[in-house]
Each structure stands twice: as structure tokens, then as C-alpha cells.
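The values are calculated or read from the model by the stated rules, or taken from the named source; none is laboratory data. All values reported here derive from a predicted model rather than from experimental measurement. Cβ placement follows ideal geometry from the backbone for every residue including glycine, while neighbour counts extend to all protein chains displayed. Calculation scope for accessible area: heavy atoms of the full protein, side chains included, ligands and nucleic acids excluded. Shrake-Rupley method; radii C 1.70, N 1.55, O 1.52, S 1.80 Å.
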Amino acid sequence: GLFVKEIENDLLAGGIKLAMHSLKDLPGELAEGLVVASYLKREDPRDALVTRSGLKLADLPPNPRIATGSSRRRFQIAKLRPDAVFTPLRGNMDTRLAKLDRGDCDAIVVALAAFKRLGLEKRITQVFSPDEVVPAPGQGVIAVETVASDLPVLRLARRLDHARTRLCAEAERLFLAELGGGCATPLGAHAELTEEGMLFRVFWSAPDGKKRLNFETYIDCSKMTEAITGLAAKIKQLVPT
């Protein structure tokens with residue numbers, strides 16, 4: 001959040017004309033005067049496991065040490081592997097892989113999109129389906145942020161926009177904003193366009209992991225805002241946020 005804030009301050013001050021972010025790193029609400037001008041076509045939004053041994057999650061020895069800095073990932077993977085022991089994970093991808101390779105942990109959990117963009121797909125051991133691990137809101141999407149009043153730059157950046165990605169990304173971000181979530185909130189939201197409408201998957205957990213919700217529903221795209229707002233309101237009634 002602090003890093004994003006520095007970039008946004010530079011945008012507002014006129015030091016830069018546009019900024020590119022991993023959408024999942026952006027807060028639910030942007031700084032006043034800024035707008036996401038475009039969403040680039042989404043890369044694969046799923047989470048992935050990288051193990052030193054090449055074994056999948058179910059095949060790892062008892063009490064595997066799994067490194068992740070995300071409580072969202074930790075709580076969901078714990079359902080798949082209840083005996084897992086979790087350790088923190090920070091730093092850039094080289095730092096994370098070094099921790100794995102020197103034996104500090106048995107596996108790390110990463111965004112598949114990050115590994116694909118870095119050309120590291122061969123290191124992926126297992127990819128979790130959205131039914132197994134619901135991704136973070138906006139995961140796999142690059143967002144282009146601009147000053148709302150800078151019309152020439154805004155028009156230029158709009159040319160990069162991918163309509164289907166925008167629809168799904170805005171549904172996920174609306175849900176994030178309605179629940180007041182940030183990058184530290186154990187919250188997953190994944191929208192997928194199908195013939196039946198928008199399939200919307202949700203994972204929510206209290207910070208201590210004692211209360212959790214995990215479900216999916218179909219949303220009418222023509223009434224997306226009302227549907228997402230109503231869905232978030234129901235969750236607030238069930239579990240105080």
C-alpha cells in the first residue's frame with residue numbers, strides 16, 4: 001500500500017503521466033482524482049505451488065513447510081493439507097525461490113501470472129483451480145492508472161483496455177471495496193464470464209481464521225453493481241467485517 005501511495009502521489013503531482021500496477025496490489029478505493037484508465041487482458045489468475053522436490057501438495061511428506069505471506073492462501077491451502085506448517089514469505093521472486101532452494105521451506109505459493117510473466121513456468125509444480133483456492137481480487141490483471149482530468153493521456157490509455165477483463169475486474173474490485181478489504185484481508189474473489197452469466201466465486205475469512213465463507217453464485221452482468229453490492233451486504237450480516 002505504501003509503495004502504491006508513492007506512485008499515486010507522483011501521478012497527482014504531475015511527475016509521471018501514467019502508472020502500471022498489479023491490480024491485486026491496488027487498494028479497493030483509489031486516491032481522489034485518479035482512475036483506472038485500462039485493464040490489460042488478464043493473465044491466468046490462479047495460484048500455484050512450487051516445491052523443491054517436484055511433489056504435488058498431496059504427495060509432500062507429513063507436516064510440509066509451506067511459505068506464503070498471504071493469509072488468504074494459507075487458510076485455503078490448510079483445507080487441502082491440514083497438517084501443513086506455514087512460514088512467512090516476502091521479497092521479490094528471486095528471494096522467494098532462494099528461500100525454497102536452500103531448504104528453508106518445502107514449498108512456496110505464488111501467483112501463476114507472475115511466474116508466466118517472468119518465464120518461470122517450468123518451476124511450477126501444481127496449479128490450484130479457483131474452486132480449490134479462490135484468487136485475490138484482480139489477480140492476473142495489469143491496471144493502467146491515470147489522472148482523471150488528463151484527457152489526452154486518458155484517451156490514449158483507454159486504447160489498451162480489454163472489455164471482458166474490465167467487467168470481471170470491476171466486479172471483483174467492487175466486492176473488495178464494499179467489504180472494506182485490502183491486501184492484508186483474507187479475501188478471495190474471482191469473476192469468470194460463462195454462457196450462463198458471470199460466475200462469481202468468493203472466499204472470506206476472519207483474520208484469525210475461525211469464521212470462513214466459501215461459495216459461488218451466478219450474476220446477471222446487466223445488473224452487476226446491484227448484485228455485487230447485495231452480495232457484500234449479505235456477507236456483512238453473516239460475518240461482521
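Observations on the model:
- Per residue of the chain, the DSSP helices (runs of n ≥ 4 H) give a summed -39500 (n - 2.57) that works out to -9500 deg cm²/dmol at 222 nm.
- With contacts taken as Cα pairs under 8 Å and at least 6 residues apart, segment 76-200 reaches a relative contact order of 21 percent.
- Accessible surface, per residue, of the chain when the full set of protein chains is kept, probe 1.4 Å, Å²: 50 Å²
- Cβ-placed point charges (K, R +1; D, E -1), dipole of segment 49-122 about Cα centre in debye, nearest 20: 260 debye
- For segment 113-154: rounded, prolate or oblate by the Cα gyration tensor [a/c cutoff 1.5]: oblate
- Each of Asn214, Leu231, Ile7 was placed along the dipole of the chain (beta-carbon charges, centred on the mean Cα), and the one lying farthest toward the positive end is Asn214.
- Entry note, the chain: relative contact order of 26 percent, from Cα contacts under 8 Å with a spacing of 6+ residues.
- Calculated P(r) tail over 32 Å for the chain, as whole % of Cα pairs: 23 percent
- Exceeding the 28 Å Cα-Cα cut-off - candidates Lys41/Lys99; Lys24/Lys56; Lys41/Lys210; Lys5/Lys210: Lys41/Lys99; Lys41/Lys210; Lys5/Lys210
- Look at where the Cα atoms of segment 97-121 and of segment 185-226 average out, and the two centres are 27 Å apart.
- Only protein heavy atoms count here; under a 1.4 Å probe, Arg73 has an accessible surface of about 20 Å².
- Helix 163-178 vs. the chain, principal-axis angle (Cα, 0 to 90°, nearest 10): 80 degrees
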